[in-house]
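Notes for the one structure printed next.
The values are calculated or read from the model by the stated rules, or taken from the named source; none is laboratory data. A quick note: this is a predicted structure, and the numbers were derived from the prediction, not measured. Here the Cβ positions follow ideal geometry from the backbone for every residue, glycine too, while neighbour counts run over all protein chains shown. Just the protein is used for accessible areas: all its heavy atoms, side chains included, with ligands, DNA and RNA removed. Shrake-Rupley method; radii C 1.70, N 1.55, O 1.52, S 1.80 Å.
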Amino acid sequence: KLANGAVTTVAVMLCATIVAVTISLIFGLMRLSSRFAIQGFATIYIEFFRGTSLLVQLYWIYYVLPLMGVTLSPFVSGVIALGLNFGAYGAEIVRGGIQSVPRGQWEAARALNLSASQRMRRIIIPQTFPIILPPAANLTVELLKATALVALITVVDLMFVAKQINATTWLSAQVFGTALVMYYLMARFALIPFLRWLEVAAARKVGKA
């Protein structure tokens, strides 16, 4: 049962990561826009989701949206809440990474007569990956641990199954100890090595490794 719950945990993490990465890129770029309305909207989104509790956001999406006619499954609600929350943090990482690219690279891109979108796509963004991947990797590990919250809206993940087993056996130390070890194994021997490989690959691509 715990293994099945772990599979659901991984599924939630992967789906939420896709949502978070997409939001991070979009809103990170929006934060750098010269248009006040676009930059302002991105800033409001980021500050709202960083400044409020993930648990409250999760409950709001799952319990409050149905009152407005929008009903989502527990799995989808969990993925959206995690994606929106971590996407807000990721957007600031993307913004900081882009702004940290040396000014000379921007000037060189302009000298090549590239359009703004071409400069960003071909010159600037590829150089940001080695910069943003280390903090983004830490954020992804935090996202994996945060998936435990989806058990509170009845997603049958690792924590939900552990709580069910504990409720019938009262073997708290054994059950939650096993869950603790499983979270650690997923992070230490699967997620972290993959993220480190991404960091090395990104650095090699721009000649930094």
(message) Tell me which DSSP H helices of the chain clear both cut-offs, 27 Å or more of axial length from alpha-carbon atoms and a mean Kyte-Doolittle hydropathy of at least 1.6.
(response) 2-30
(message) If each residue of separation counts as 0.36 nm, what is the full-extension length gain between LYS145 and LEU72 once their alpha-carbon separation is subtracted?
(response) 24.0 nm
(message) Place a point 7 Å from the Cα of ASN4 along the Cα-to-Cβ direction; which residues of the range 65-90 have their backbone N under 17 Å from it?
(response) 75
(message) Can you tell me which of THR147, THR52, THR22 moves the most in a GNM of the chain? Springs connect C-alpha atoms under 10 Å apart.
(response) THR52
(request) Before rounding to the nearest 500, sum -39500 (n - 2.57) across all DSSP H runs of length at least 4 in the chain and divide by the residue total; then give [θ] at 222 nm in deg cm²/dmol. (result) -24000 deg cm²/dmol
(message) For the chain, what does the accessible surface come to per residue with a 1.4 Å probe? Please give it in Å².
(response) 56
(request) Enter the Cα centre distance for the pair the range 71-127 and the range 1-42, rounded to the nearest angstrom. (result) 11
(request) Give the relative contact order (percent, whole number) for the chain; include only Cα pairs under 8 Å separated by 6+ residues. (result) 29
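When Lys and Arg each count +1 and Asp and Glu each count -1, what net charge do the other residues less than 14 Å away from ALA16, Cβ to Cβ, add up to?
Numbers: positive: LYS145; negative: GLU142, ASP157.
Summing Lys and Arg as +1 and Asp and Glu as -1 gives -1.
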(request) Enumerate by residue number the trypsin sites (Lys or Arg not before Pro) in the range 1-96 meeting two conditions: DSSP loop (anything except H, G, I, E, B), and at most 15 other Cβ atoms within 10 Å of the site's Cβ. (result) LYS1, ARG35
(request) Over all alpha-carbon pairs of the chain, lay out the pair-distance distribution in 5 Å bins, whole %, shortest bin first. (result) 1, 7, 13, 15, 16, 14, 11, 9, 6, 4, 2, 1, 0, 0
(message) With an 8 Å Cα cut-off and a minimum separation of 6 or more residues, compute the relative contact order for the range 85-172 in percent.
(response) 27
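Which shape class, rounded, prolate or oblate, goes with the range 82-155 when its Cα gyration tensor gives a ≥ b ≥ c as root eigenvalues, a/c under 1.5 marks rounded, and past that a/b bigger than b/c marks prolate?
prolate
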(message) Can you tell me which of ALA20, ALA173, ALA88 moves the most in a GNM of the chain? Springs connect C-alpha atoms under 10 Å apart.
(response) ALA173
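Tell me, in nm to one decimal, what length is gained between GLN99 and VAL181 on full extension, where the rule is 0.36 nm per residue of separation less the Cα-Cα distance?
25.6 nm
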(message) Can you give me the % of accessible surface on the chain that is carbon or sulfur? Probe 1.4 Å, all protein chains present, nothing else counted.
(response) 68
(request) Taking only Cα atoms and a 10 Å spring cutoff, compute GNM fluctuations for the chain and point out the largest among VAL156, VAL56, VAL175. (result) VAL56
(request) Kindly provide the chymotrypsin sites (Phe, Trp or Tyr not before Pro) of the range 112-209 that DSSP labels as loop, not H, G, I, E or B, and whose Cβ sees at most 16 other Cβ atoms within 10 Å. (result) TRP170
(message) Restricting to Cα pairs below 8 Å that are 6+ residues apart, what does the relative contact order work out to for the range 12-78? Please round to a whole percent.
(response) 23
(request) Determine, from the Cβ-Cβ distance of GLN164 and PHE41 and an R0 of 45 Å, the FRET efficiency 1/(1 + (r/R0)^6), rounded to the nearest 0.05. (result) 0.60
(message) What does the charge count around ARG110 come to, taking other residues whose C-beta lies under 15 Å from its C-beta (Lys +1, Arg +1, Asp -1, Glu -1)?
(response) +3
